[in-house]
Amino acid sequence: MSPDRLLTVGRIVGIHGVDGWVKLESWTEPRLRIFSYRPWRLTLAGSEFEAASAQGHEQGKGMVAKLPGCDDRVAAAKLVGATIQVPRSALPKPKRGEYYWTDLEGLIVVTVDGVDLGKVSHLFATGANDVLVVRGERERLIPFVTGQFVKEVDLKAGRITVDWDPEF
């Protein structure tokens, strides 16, 4: 994975007040961590620009941010719908045995017997565990439970080895 690859961490969903503040949705965990990743790259309708010094906080049940150069309600309204991206290198290195979902997407998934099941399309969370969505000749949902189903994750080789029945 390229350290310069951009990852989407949130989006601007509305405006707040008259001084250029925007409402945003954060997909980081915890959600306030979005403000510790720099620089932000905002993308909207094919246009991109950098917002290196965004500041923000929780506001009620949501979050608000102040972006450089966004000084009034009109400027803020022009940003609604923009995605917020950061370079992969802005995220801290995961602990041993932990992975960012984005690092797993695109990896080849093989069984312990060497059967190719396809590639990780994406992941989603359930109450119990995360789930790999693997697309090959068909789609499979494999619980991301290390030890039980996920036997090895080899990021350098681009492969995840699973204990999974290819017929399931």
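Apart from one condition, Asp4 fits all of (1) surrounded by fewer than 14 Cβ atoms within 10 Å (Cβ to Cβ); (2) in contact (Cβ under 8 Å) with a residue 60 or more places away in the chain; (3) within 29 Å of Gly147 (Cβ to Cβ); the exception is (3). Residues in the stretch 145-164 that are farther than 12 Å from Val109 by Cα and in contact with a strand residue (DSSP E or B) (Cβ under 9 Å, 6 or more places away or on another chain): Val145, Thr146. The condition of being touching a residue at least 40 places away in the same chain (Cβ under 8 Å), crowded, with 20+ Cβ neighbours inside 10 Å and in a strand (DSSP E or B) does not hold for Ile34. Going residue by residue through the stretch 50-71, is there one that turns out to be crowded, with 18+ Cβ neighbours inside 10 Å, within 30 Å of Thr146 (Cβ to Cβ) and in contact with a strand residue (DSSP E or B) (Cβ under 6 Å, 6 or more places away or on another chain)? For the stretch 50-71, residues crowded, with 18+ Cβ neighbours inside 10 Å, within 30 Å of Thr146 (Cβ to Cβ) and in contact with a strand residue (DSSP E or B) (Cβ under 6 Å, 6 or more places away or on another chain): absent. The condition of being in contact with a helix residue (DSSP H, G or I) (Cβ under 8 Å, 6 or more places away or on another chain) and either among the polar types (S, T, N, Q) or farther than 25 Å from Glu29 by Cβ (or both) holds for Thr102.
Keeping to the stretch 108-136, report how many residues are in contact with an Asp or Glu (Cβ under 8 Å, 6 or more places away or on another chain) and touching a residue at least 40 places away in the same chain (Cβ under 8 Å).
Applying the first criterion (in contact with an Asp or Glu (Cβ under 8 Å, 6 or more places away or on another chain)) to the stretch 108-136 yields 108-112, 118, 120-124, 133, 136.
Within this subset, residues satisfying the condition of being touching a residue at least 40 places away in the same chain (Cβ under 8 Å) are 108-112, 120.
Final tally of qualifying residues: 6.
Can you pull out every residue in the stretch 11-27 that is crowded, with 17+ Cβ neighbours inside 10 Å and either part of a loop (DSSP other than H, G, I, E, B) or within 24 Å of the chain's Cα centre (by Cα) (or both)?
Looking only at the stretch 11-27, we keep the residues that are crowded, with 17+ Cβ neighbours inside 10 Å, and these are 11-12, 15-16, 20-24, 26.
The answer is Arg11, Ile12, Ile15, Gly20, Trp21, Val22, Lys23, Leu24, Ser26.
I'd like the full set of residues that are loosely packed, with under 14 Cβ neighbours inside 10 Å, at pLDDT below 95 and either under 29 Å from Pro166 (Cβ atoms) or assigned by TED's automatic domain parsing to the domain that holds Gln148 (or both), limited to the stretch 95-113.
Filtering the stretch 95-113 down to residues loosely packed, with under 14 Cβ neighbours inside 10 Å leaves 95-98, 106, 112-113.
Checking which are at pLDDT below 95 leaves us with 95-98.
Scanning the stretch 95-113 gives Gly97, Glu98.
The values are calculated or read from the model by the stated rules, or taken from the named source; none is laboratory data. Given the structure is predicted, the values throughout are model-derived calculations rather than measurements. Ideal geometry is used to build each Cβ from the backbone, glycine not excepted, and the neighbour counts take in all protein chains shown.
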